[in-house]
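For reference, the structure discussed in these notes is given below.
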Amino acid sequence: MLTNEQIITIAGTALNADFSNVTLSDANEVVAIKKDGKISAAGATVPQKLRALSLCAINADKEEFSIIQNTQVSNLGLMADMSRGGVMRAEKVKEFILKIALMGANQFMLYTEDTYTLEDYPHFGYMRGAYTDDELIDIDNYAADLGVEVIPCIQTLGHMAQYLTWGGETKEFKDTDAVLLCDSEETYKFIEAEIAKMKKLFRSDRIHIGMDEAWDMGLGQYVRKFGYKERYSVLERHLSRVVDICKKYDLHPMMWSDMFFRLGSPVDEYYDPEVVFPDRVKSTMPDVDLVYWDYYHQDQAFYEKMLDRHFELNRPVIFAGTSYTTRGFLPIIPLTFKTTAPALNACLKKGVSDVWATLWGDDGCETNYFDALYGFAMYSEMCYNPDCTQTDIDNMGSLLTNITPEIVEAIESYFIHPYPKSIIWCDVFYNLLCVDFNEDTRYLKIKDAMAKCTDEYTNLVLKLVYTKAYIYANMQKSYKSGKDMTLYGNKILPELLEDFKKLKNIFCERWLSVNKAFGFETILSRFNTSIGRIEYAIDVVNAYSSGKTQCIEELECEPVYGTGRLSWYNYTLSGRVANFF
C-alpha cells in the first residue's frame with residue numbers, strides 16, 4: 001500500500017498540481033481544507049485520499065475552502081469494454097485506473113469476451129489484441145497499490161460470436177452464432193478454463209460471469225442435441241454449473257440480470273416491470289449477485305420499480321449505468337447526465353451499495369474512453385455528495401479529462417441530431433438514413449458551435465456532420481432542378497474529402513496512442529471507403545458538369561424518407577449489407 005508521501009507525488013504528477021504544501025492524513029471521511037494558507041487532505045482509503053487531493057486541486061485558487069464528504073455507497077466502480085475492437089494498452093489501463101481513483105472509485109473491470117488467452121484454446125483471442133497474462137497481472141498489481149480492486153469480467157453464455165466463428169475449435173460447445181451450448185460437458189470444460197485463468201491472474205475474490213442478451217439460448221444446436229427444453233430450466237441448470245465452478249476456485253460470481261427478466265416477460269423484454277418470476281426461481285436462485293444494467297430511462301420511479309423487482313429474486317443487487325460512448329467519436333455527455341441522475345437517486349434511496357458506470361465500444365469502439373471520464377464524474381460526485389451541483393460535476397470532469405466547457409457545448413450540438421455518427425459514415429450519394437434534411441434541420445445548429453470550439457478533433461467531427469447533412473439536403477435537389485453542380489464538384493465535396501483525411505489522421509494517432517492496433521482495421525476501412533466514395537463522387541459530378549456525362553445515376557433515384565438505416569455504420573455505408581465486428 002502506498003504511503004501518504006507517495007500518494008501526494010502520484011496525484012501531483014497526474015493532475016499537474018503542486019501539493020508541496022498539503023498535509024495528507026487518515027480520516028473516516030474525505031477531507032479537503034484550506035485555512036490560513038495551510039492545506040490538509042484526508043481519507044480512509046487510497047482512492048479517498050486521492051479524491052481529497054483532486055478536490056484540493058479544483059479549489060486551489062480559493063483563499064479558503066472546507067469540504068467534508070462521506071461516500072454513500074460501499075463500492076464505486078467503472079467497467080470498460082475491451083471486446084468491441086478497441087483494446088486499451090496495458091500502460092493506458094493503469095493511467096485510466098489512476099484517473100478513476102482520483103475521483104474516489106475503488107473498483108474496476110475490464111470487460112473481456114475473448115481478449116485474453118487460454119492455453120488449450122489457441123484461437124481464443126487470436127488477432128483480437130488479447131491481453132497477455134503478464135499484462136493483466138501488472139494491471140492488477142498496479143491497481144492494488146492504489147486501493148482499487150480489479151474484478152475479472154468475462155462471458156460464460158452469450159456474446160461469444162467472435163470466438164465461436166472458429167468452428168473447428170468450438171463446434172462441440174457452440175449453440176448458436178453467439179451463445180455457448182448449455183448442458184454440454186465440453187462447454188463446462190471451456191468455462192472452467194476461463195474461470196481458472198481469471199483466478200490465476202487477479203487477486204479479487206469476485207468475478208463477473210456475464211450471461212446477458214443470450215436471446216437464442218437453447219434454440220440452436222441445443223435443440224438438435226437435447227431437444228427443446230423449457231428455457232428457464234436451461235438457464236437455471238447452466239447458471240448452477242457455472243456458479244459451482246466459481247466456488248471451486250473460491251470466487252463469488254455476479255451476472256447481468258436481464259435473462260431472468262426476458263424469460264419471465266411475455267414480450268421477451270428486459271425492462272418489463274410486470275415480469276413474472278416462477279416461484280422456483282425465487283427460492284432456488286444460486287449464490288450469485290445480480291447486476292441491473294440500465295442506460296436508457298430518465299424517470300427515477302422506473303428505476304425504483306425495477307430495483308424492487310430485482311429484490312424479489314433474493315440476491316444482492318448491483319446497479320450498472322453508463323457514461324455513453326456508443327454513437328461514435330464523442331462521448332454523449334448530455335444523455336449520460338439525463339439518465340444517471342435519476343438512476344443514482346433511485347439507488348441511494350433504495351440502499352444499493354454497489355454502483356458502476358459502464359463504457360461500451362459498440363460498433364467499433366470509436367469513442368475515446370478517456371473522454372468518457374467526464375460523464376463518470378456524475379457518478380463520483382453523486383456518490384460522495386448527493387447534493388452536488390452541476391458545477392461540482394463539471395469541475396471534476398474537466399480536471400480528469402481534456403474536455404473544456406467549449407467542448408461540452410460542441411458535444412451537445414453534435415447530439416442535437418440523434419444519429420450523428422450515421423450521418424458521418426453514410427455514403428455521400430446514398431441517403432440510406434432516409435432522413436429529409438430539408439425538414440430535419442437540427443444539423444444547422446452545429447454551425448454556431450463550430451465557430452466557438454477551438455479543439456481541432458471536435459471541430460472536424462462537427463464539420464463532417466454539418467457538411468454531410470447539407471449535401472443530403474441540397475445536392476440532389478440542385479441536380480433535379482437543373483442548377484449548376486460545379487459548387488459541389490469544385491468546393492463542397494473536395495473540402496469534405498480533405499476534412500475526412502484530416503480526421504482519419506488525427507483519429508489514427510489518438511487510437512494507437514491509447515489502444516492496441518488490433519481493431520483499428522475496422523475503423524480504417526470506414527475512413528478509406530468513405531474517402532474513396534467522395535473521390536468517386538467528385539469525378540462523377542465534375543464529369544456531369546463538364547458535359548462528359550448526361551446524368552448522375554445515383555441522384556436520379558427518387559428519395560424515400562421514413563424508416564432508415566440509422567443505427568449502425570454497416571447499414572449506411574452502401575446498399576449492400578456487410579457485417580463489421
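Here are some notes:
- According to the calculation over all Cα-Cα pairs in segment 364-404, the P(r) per 5 Å bin from zero is 5, 27, 29, 18, 12, 5, 3, 0 %.
- Kirkwood Rh in Å, taken over segment 513-562 so that all alpha-carbon pairs contribute: 13.7 Å
- Radius of gyration, Dmax [segment 406-460; alpha carbons; angstrom]: 11.9, 33
- A compact globular protein would have a Cα radius of gyration near 2.2 N^0.38 Å; the ratio found for the chain is 1.04.
- The orientation-averaged shadow of the Cα convex hull for segment 108-162, equal to a quarter of the hull surface, comes to 4.0 nm².
- Computed across segment 27-85, the Kirkwood radius stands at 12.8 Å (inverse of mean 1/r, all Cα pairs).
- Over all projection directions, the Cα-based convex hull of segment 208-306 averages an area of 7.3 nm².
- Structural size metrics of segment 418-555, computed from C-alpha coordinates, are Rg and Dmax of 15.8, 49 Å.
- For Lys501, the accessible area of its heavy atoms, probed at 1.4 Å with every protein chain present, is near 70 square angstrom.
- Normalised by 2.2 N^0.38 Å, where N is the number of residues, the alpha-carbon radius of gyration of segment 309-374 equals 1.27.
- Short to long, the 10 Å bins of the Cα pair-distance histogram for segment 180-233 hold 20, 43, 27, 10, 0 percent of all pairs.
- Hydrodynamic radius by Kirkwood, which averages 1/r over all alpha carbon pairs of segment 325-412, in angstrom: 13.4 Å
- Evaluated at q = 0.15, 0.27 Å⁻¹: base-10 log I(q)/I(0), Debye formula over Cα of segment 468-545: -0.60, -1.25
- Surrounding net charge for Pro278, when Lys and Arg each add one and Asp and Glu each subtract one, Cβ distance under 12 Å: -1
- Cα-only Debye scattering, segment 134-264: base-10 log of I(q)/I(0) at q = 0.14, 0.16, 0.17 Å⁻¹: -0.63, -0.80, -0.89
- On a per residue basis, the chain carries 40 Å² of accessible surface, using protein heavy atoms and a 1.4 Å probe.
- Restricting the calculation to Cα atoms, segment 400-494 yields a radius of gyration followed by a Dmax of 14.3, 53 Å.
- For segment 159-206, the Cα gyration tensor yields ellipsoid semi-axes of 22, 12, 9 Å (square root of five times each eigenvalue, largest first, whole Å).
- Summarised in one figure, the compactness ratio Rg/Rh of segment 215-372, Cα atoms and Kirkwood Rh, is 1.00.
- Ranked by how many other beta carbons lie within 10 Å on average, peptides 461-471, 349-359 from highest: 461-471, 349-359
- Remark: segment 527-543, residue by residue, has Karplus-estimated 3J(HN,Hα) of 4, 5, 5, 4, 4, x, 5, 5, 4, 4, 4, 4, 4, 5, 5, 5, 5 Hz, where x stands for each Gly or Pro and the curve is 6.51 cos²θ - 1.76 cosθ + 1.60 at θ = phi - 60°.
- Per-residue surface analysis assigns Ser323 an accessible area of about 0 Å², computed on protein heavy atoms at 1.4 Å probe radius.
- Helical mean residue ellipticity (222 nm; -39500 (n - 2.57) per DSSP H run of 4+; nearest 500) of the chain: -14500 deg cm²/dmol
- Counting only heavy atoms of the protein chains and using a 1.4 Å probe, Val435 has close to 20 Å² of accessible surface.
- Lys504, Lys171, ranked by accessible area, largest first (probe 1.4 Å): Lys171, Lys504
- Here the 3J(HN,Hα) profile of segment 450-455, calculated from phi with Karplus coefficients 6.51, -1.76 and 1.60 at θ = phi - 60°, is 4, 5, 9, 8, 9, 6 Hz, Gly and Pro shown as x.
- For Ile8, net neighbour charge (Lys/Arg +1, Asp/Glu -1) across residues whose Cβ lies under 11 Å away: -1
- Ordered by 1.4 Å accessible area with all protein chains kept, Thr23, Thr187 run largest first as Thr23, Thr187.
The values are calculated or read from the model by the stated rules, or taken from the named source; none is laboratory data. Since this is a predicted model, take the numbers as computed values, not measurements. Here Cβ is always computed from backbone atoms with ideal geometry, including for glycine, and neighbour counts include all displayed protein chains. These accessible areas exclude ligands, DNA and RNA; they are computed on the full protein's heavy atoms, side chains included. Shrake-Rupley method; radii C 1.70, N 1.55, O 1.52, S 1.80 Å.
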